[in-house]
1. If you find the alpha carbon centre of segment 116-132 and of segment 165-213, how far apart are they in angstrom?
2. How large are Rg and Dmax for segment 9-79 when only the alpha carbon atoms are used, in Å?
3. Order by neighbour count: 131, 24, 207, fewest other Cβ atoms within 10 Å first, most last.
4. With a 10 Å radius around each residue's Cβ, average the other Cβ atoms per peptide and rank 134-145, 7-18, 210-221, highest first.
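Taken together, the values in this text are just the output of simple stated rules run on the coordinates, not laboratory data. All of these numbers come straight from a predicted model, not from anything done at the bench. Cβ atoms come from the backbone with ideal geometry, glycine included; neighbour counts cover every protein chain shown.
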């Protein structure tokens, strides 16, 4: 399975109904009557059994169809198993957002402390993606948007001396991923990471594996915080000074009538819309 060749559920269903109508109807009936929850192991077994009944190269199409249909039942089990992990990071993100806090990068790379609204909106839709390929594509798109914004910020900062434009590396990007997670407030971040790993581990590109690792690293940093009596997030473990930094307030900018204030409020609306779409599906 190549995560670079992702088909949509609609494309998979059309292919199967044309080429395997009876098999598709039988499988669809079996999926409807599958009890909840469904483990990743059971889902992969169903995919294997269905693939054994196919005669051509439509194997990934069948997998897309089955996992898409089983998504809610699989995630139901993961939410139950990883409820503590999901809830902790979600509450930490909400605590930071209630205090209108944002992640500040160190002075050495202050030019990288930029708004990344597109990546925030993208990550907020993670719960609503239904296949491991779609969820992985969400993380990849989020990472690419962050990287592009940071690269553009470097070019604009050093435009008078292009020979001295510094290179971006993971140390620069991970703090911004953490910032995006805090702003997007994904409700089931860890469950989604487990879902992706369960189906795509060893079956995705090196680039996708690298990006998944960066989100896992960001999650591991966030879970080191705990909620205090006042709802504040307090660090409990000593983290790398260059990767995780002080939170600063921006309430005045958010509520202002400036262009930037309007943009920030619009971003918040888009994030809420993404969360509502995910709630309707899950």
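1. So the two Cα centres are separated by 12 Å.
2. In order Rg, Dmax, the Cα atoms of segment 9-79 give 11.7, 36 Å.
3. Values: 131 26, 24 19, 207 13.
Starting with the residue having the fewest Cβ neighbours, the order is 207, 24, 131.
4. Numbers: 134-145: 20.8, 7-18: 15.8, 210-221: 17.6.
In descending order of packing, they fall as 134-145, 210-221, 7-18.
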